[in-house]
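**Q** Sharing a structure, written as structure tokens. Questions coming.
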């Protein structure tokens, strides 16, 4: 790593590495950051140090760094899976997994600036036997002062204490941790009693010296001890979150701070209040606005309670009626038709927060009918007409027997890669027609494959009767493992001078040097 300079990109092949990635004093520039990423097309490399002498799976004490696409497994060490240490600036860690930490999943230390944590699964940290009692271990943990922290599009679950804790402990500067954004995350099943002390609110913004400019929006927090808590933060905005089934504490609690706006949050089934401020005089927040939230409880607490705080304004909230989530037990918090959360939210487009009008699923706000903002993480979209017909143009490199081949078509979730639909059929005049799909219009991955050829895949917005023409499938992948290499040659070689249909790539009924030349041309593809 020490030889990397500004603008370099290091690609790492798949495999399990029994050492950590140590980025100490390796600095890019703002215009030319250093990038370390998994090799395109490979599975994510697993970084699993075998000894505690090796410290973290990922340790960063550098600036202008991008680390993309790894699994950080701290099962063998007592430290965090990822540590971004003091003084680091302009660091992005994304598309990764942080798990089995003896400490936190991802830890951000003091005096760090412009840290971006995107699409990270942080889970099962602090859950090993032998850890000290009363030691907090979190999915994401930011300590001390700093400026610029974004945690987004991540899944945070099964951690010992809190999902996300952002705090500033003594000694702390007057500014605390400022310019914080927590958005589009799913946070669930943290705490679970392993921590003897308080396993309360799962997105926890705390500054014993004030943290300033904190935005928490479009998160789904479910099946946890408590939801969102702010202590001493100023200029705090808590918008369009969905909070469900808090088993011990409040959905949103403001213990201290100033200028706090709580709007458009959907809260259902909490053990204490849905939204509350602190009742102690020394911890009472000031200039709190609670507006356009939908709060319904399963216990006899007040849905919204400012505890006689004279600096707390409550308006336009709904505290009766089921929000009609589609299937909350299965984690589906889309709104059903007729939900009281539809068209009852405040218009937040004037707040100046980037992407505030984009919901958890990427849908823009507002949507018809009604044309007003909805409450919660999802904007309601009426069911569009289903896609039932799709046409794919299919061809094979140097082989005219297209209509004699059986092609396999897979429709995939473009984010998770989950196969939603799979069909195997033969083209007619080079055209594959898929019927009775019953898919909602939207973006999907479309993958097409045929025997002895490399599959092709693209991401496409599908509409009814759309025609997608794929480039010819490249010849040579005899074992269908998505790469052409010596394994394919080992299949072809014994079939030399035969009419083997797998090895006969050009369709002339004979396996010979013409077929080998095709394979060789596409080698490594």
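**Q** With respect to residue 230, is the statement that it is buried (at least 23 other Cβ atoms within 10 Å of the Cβ), modelled with pLDDT of 85 or more, closer than 19 Å to residue 149 by Cβ and under 17 Å from the mean Cα position of the chain (by Cα) true?
**A** Judged against the criteria, residue 230 is not a match.
**Q** So for segment 45-56 (the condition being in contact (Cβ under 8 Å) with a residue 40 or more places away in the chain and under 23 Å from the mean Cα position of the chain (by Cα)), does at least one residue qualify?
**A** No; the residues of segment 45-56 include none that is in contact (Cβ under 8 Å) with a residue 40 or more places away in the chain and under 23 Å from the mean Cα position of the chain (by Cα).
**Q** Scan (1) surrounded by 16 or more Cβ atoms within 10 Å (Cβ to Cβ); (2) outside the structural domain of residue 441 (by TED's automatic domain parsing) for the single condition residue 390 breaks and write down its number.
**A** (2)
**Q** Now for a different question. Can you find, within segment 414-439, the residue that is nearest to the chain's Cα centre (by Cα) among those that are outside any strand (DSSP E or B), surrounded by fewer than 13 Cβ atoms within 10 Å (Cβ to Cβ) and in contact (Cβ under 8 Å) with a residue 24 or more places away in the chain?
**A** Filtering segment 414-439 for residues that are outside any strand (DSSP E or B), surrounded by fewer than 13 Cβ atoms within 10 Å (Cβ to Cβ) and in contact (Cβ under 8 Å) with a residue 24 or more places away in the chain, the one nearest to the chain's Cα centre (by Cα) comes out as 417.
**Q** Here are 269, 282: which of them is free of Cβ contacts under 8 Å to residues at least 12 places away in the same chain and either out of contact with any strand residue (DSSP E or B) (no Cβ under 9 Å at 6 or more places or on another chain) or surrounded by fewer than 23 Cβ atoms within 10 Å (Cβ to Cβ) (or both)?
**A** Answer to the check: 282.
**Q** Report yes if residue 264 is touching a residue at least 24 places away in the same chain (Cβ under 8 Å), under 25 Å from the mean Cα position of the chain (by Cα), on the phi > 0 side of the Ramachandran plot and assigned by TED's automatic domain parsing to the domain that holds residue 220, otherwise no.
**A** Here the answer is yes, as residue 264 does meet what is asked.
**Q** Has segment 67-83 got at least one residue that is over 16 Å from residue 48 (Cα atoms), touching a strand residue (DSSP E or B) at 6+ places or on another chain (Cβ under 8 Å), free of Cβ contacts under 8 Å to residues at least 40 places away in the same chain and not in a strand (DSSP E or B)?
**A** No, the conditions are met nowhere in segment 67-83.
**Q** Okay, moving on. Can you pull out the residues in segment 468-519 that are outside any loop (DSSP other than H, G, I, E, B) and closer than 19 Å to residue 402 by Cα?
**A** If the condition is that a residue be outside any loop (DSSP other than H, G, I, E, B) and closer than 19 Å to residue 402 by Cα, then 468, 469, 473, 475, 476, 477, 514, 515, 518, 519 are the ones that fit.
**Q** Conditions first: (1) modelled with pLDDT under 95; (2) out of contact with any helix residue (DSSP H, G or I) (no Cβ under 9 Å at 6 or more places or on another chain); (3) surrounded by 13 or more Cβ atoms within 10 Å (Cβ to Cβ). Residue 39 passes all but one, so which condition is the exception?
**A** (1)
**Q** For a quick check of your reading of the model, give me the residue pairs whose first member lies in segment 357-369 and is surrounded by 19 or more Cβ atoms within 10 Å (Cβ to Cβ), whose second is not in a loop (DSSP other than H, G, I, E, B), with beta-carbon atoms closer than 7 Å and at least 6 apart or on different chains.
**A** 360/220
**Q** Can you tell me which residue among 500, 488, 504, 508 is more than 14 Å from residue 451 (Cβ to Cβ) and outside the structural domain of residue 452 (by TED's automatic domain parsing)?
**A** Going through 500, 488, 504, 508 in turn, just one is more than 14 Å from residue 451 (Cβ to Cβ) and outside the structural domain of residue 452 (by TED's automatic domain parsing): 508.
The values are calculated or read from the model by the stated rules, or taken from the named source; none is laboratory data. This is a predicted model, so every value here is computed, not measured. FYI the Cβ positions are ideal-geometry reconstructions off the backbone, even for glycines, and counts take in every protein chain you see.
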